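All remarks here apply to the structure that follows.
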Amino acid sequence: MASVIIKQEICRTLKYRHPWIFSGAIKRIEGTPALGETVEIYTESNEMVGRGAYSPKSKIAIRMWSFEPKEEITKEFFTKRISYSIESRKKNQIASAGNSFRLIFAESDGIPGLIVDKFADYLVCQFLSAGAEYYKKIIVEVLQELMPCKGVYERSDVEIREKEGLPLISGILAGTEPPELVEIEENNLKFYVGIKNGHKTGFYLDQRVNRSLVAEYAKGREVLDCFTYTGGFSVSALNAGAGKVTSIDSSGPALEMLKKNIELNNLDSTKSELIEAKVAEQLRKYRDMGKQFDMIILDPPKFIYDRSHLEQATRAYKDINLLGIKLLKAGGILATFSCSQPMGEELFQQMISYAATDANKSVQILHKLWQSPDHPVAVNFPESSYLKGLICRVG
Ligand code: SAH
């Protein structure tokens, strides 16, 4: 097995067990490890730190598998890590909220680069790093043993793989191919998920807890759900007794699915209006018409991938939030989110305060929201904290 020797000054930071080692931290490599192969990590004073996956094309040259020098990266290793993740989902009110949840959340579950979502009887995987790709066969075997399912499907058609020197791929890995629409349960509601063609792995499981909390405010209100996708929030709001829900998305197929989801739950479709449009444009239209709502949900896609665009992205968030705040009746509710990792909670809240000032309205925070617990954040890997939200009362 090849060895990687880390520069002395970096070794100090390794003791905090952050799972990434950047290429600049490497002093030298002994041997010629292949893409994704496991390497042994040593300090300059020849102390073994642990084992990691080698990724020569990426700036993140190594993703640590283990900081225990004795721990070998075998099938047993993956069985241990995956069992621990499954145990957490079974015990921490996650599995009881429905039959679908994130089973493995990469670095934060101790398996860098691996995402596994469970949708009813199917598992959907993303192998996002060279190391996860290298052990794909073993990982799929272990998943089938520990979480028996009808099929394991791969959705590694994500650009981030290019940074690792991996092709964008998708397809069946084991068992039977999922149907076009898989029916799942979440918070006592049903949703269709397009595993093969939907966004990411098919459904945004990270909003589960927030959907049920936001819905508590929807009763009797006229709700505007912006960036609705397949209607996670819209369906929850209708089910909670919203007077009317208007749902906006730029994707026609997503709105088609939302329509199906309303039928699937036997909800009153006459209370639902679907609008295929760009959110900012539609909000400006409403502003010009003088239209007002009792409640507005803003759950936009990721606006930024790296810090260099933070200022620009903050302006974009502020624009839609300013419009949203202006469109609310007195005492209205704003449920607003950002899933851009580089935008921290503090900046997000500050952005809302600037929008409130510009709108000349008083805004109070009622709840601070976060990603659901099947997307845990390992304290040694704060980068996995990405979703933040606020439920506000707008005066
Ligand atoms: N709220 C959803 C998830 C939103 S994902 C849920 O709970 O499941 C973001 C959505 O925004 C996607 O469906 C995408 O099609 C849509 N989108 C992206 N840019 C948009 C824009 N400018 N205007 C309207 N919709 C947009």
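The values are calculated or read from the model by the stated rules, or taken from the named source; none is laboratory data. It should be emphasised that the depicted structure is a prediction, and the values quoted were computed from it without experimental measurement. With ideal geometry, Cβ positions are generated from the backbone for all residues, glycine too; neighbour counts draw on all protein chains shown.
In segment 245-294, the qualifying residues are those that are among the small types (Gly, Ala, Ser) and touching a helix residue (DSSP H, G or I) at 6+ places or on another chain (Cβ under 7 Å), and the one that is surrounded by the most Cβ atoms within 10 Å (Cβ to Cβ) is 247.
Close Cβ contacts (under 7 Å, 6 or more residues apart or on different chains) running from residues in segment 272-290 that are touching a residue at least 12 places away in the same chain (Cβ under 8 Å) to residues that are charged (D, E, K, R) and within 15 Å of the ligand (Cβ to nearest atom) comprise 274/259; 276/249; 280/319. Within this structure, residue 365 fails the test of being in contact (Cβ under 8 Å) with a residue 40 or more places away in the chain, among the aliphatic types (A, V, I, L, M) and within 16 Å of residue 334 (Cα to Cα). Quick check on residue 295: is it touching a residue at least 40 places away in the same chain (Cβ under 8 Å), under 24 Å from residue 187 (Cα atoms), outside any loop (DSSP other than H, G, I, E, B) and away from the ligand (no atom under 13 Å from the Cβ)? For residue 295, the condition - touching a residue at least 40 places away in the same chain (Cβ under 8 Å), under 24 Å from residue 187 (Cα atoms), outside any loop (DSSP other than H, G, I, E, B) and away from the ligand (no atom under 13 Å from the Cβ) - is met. Inspection of segment 308-324 finds a residue satisfying the criterion of being assigned to a helix (DSSP H, G or I), in the same structural domain as residue 388 (by TED's automatic domain parsing), within 12 Å of the ligand (Cβ to nearest atom) and surrounded by fewer than 19 Cβ atoms within 10 Å (Cβ to Cβ). With respect to residue 200, determine if the residue is outside any helix (DSSP H, G or I), within 12 Å of the ligand (Cβ to nearest atom) and basic (Lys, Arg). Judged against the criteria, residue 200 is a match.
Table: residues versus (1) at pLDDT 95 or above; (2) surrounded by fewer than 20 Cβ atoms within 10 Å (Cβ to Cβ); (3) among the charged types (D, E, K, R).
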{"site": "146", "(1), (2), (3)": "yes, yes, no"}
{"site": "152", "(1), (2), (3)": "yes, no, no"}
{"site": "171", "(1), (2), (3)": "yes, yes, no"}
{"site": "176", "(1), (2), (3)": "yes, yes, no"}
{"site": "183", "(1), (2), (3)": "yes, yes, yes"}
{"site": "196", "(1), (2), (3)": "yes, yes, yes"}
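Within segment 258-281, the set of residues being assigned to a loop (DSSP other than H, G, I, E, B) and either over 25 Å from the mean Cα position of the chain (by Cα) or not hydrophobic (A, V, I, L, M, F, W, C) (or both) comprises 265, 266, 267, 268, 278. Listed by position, the strands (runs of 3 or more DSSP E) enclosed by segment 31-103 that each have at least 1 residues that are among the small types (Gly, Ala, Ser) are 48-54, 60-66.
Filter segment 382-395 down to the residues that are in contact with a Lys or Arg (Cβ under 9 Å, 6 or more places away or on another chain) and outside any strand (DSSP E or B), then identify the one that is surrounded by the fewest Cβ atoms within 10 Å (Cβ to Cβ). Per the criteria, the residue is 395. Taken over segment 238-257, residues that are within 14 Å of the ligand (Cβ to nearest atom), farther than 20 Å from residue 338 by Cβ and either modelled with pLDDT under 95 or touching an Asp or Glu at 6+ places or on another chain (Cβ under 8 Å) (or both) amount to 5. So is residue 302 within 10 Å of the ligand (Cβ to nearest atom), surrounded by fewer than 16 Cβ atoms within 10 Å (Cβ to Cβ) and closer than 19 Å to residue 346 by Cβ or not? Yes, satisfied. Once segment 206-233 is narrowed to residues that are farther than 27 Å from residue 384 by Cα and within 13 Å of the ligand (Cβ to nearest atom), the residue that is surrounded by the most Cβ atoms within 10 Å (Cβ to Cβ) is 224.
Taken as a whole, segment 203-220 holds at least one residue that is more than 20 Å from residue 371 (Cα to Cα), in contact with a strand residue (DSSP E or B) (Cβ under 7 Å, 6 or more places away or on another chain), touching a residue at least 12 places away in the same chain (Cβ under 8 Å) and in the same structural domain as residue 295 (by TED's automatic domain parsing). Would a scan of segment 101-112 turn up a residue that is among the hydroxyl-bearing types (Ser, Thr, Tyr) and in contact with a strand residue (DSSP E or B) (Cβ under 9 Å, 6 or more places away or on another chain)? Scanning segment 101-112, I find no residue that is among the hydroxyl-bearing types (Ser, Thr, Tyr) and in contact with a strand residue (DSSP E or B) (Cβ under 9 Å, 6 or more places away or on another chain), so the answer is no.
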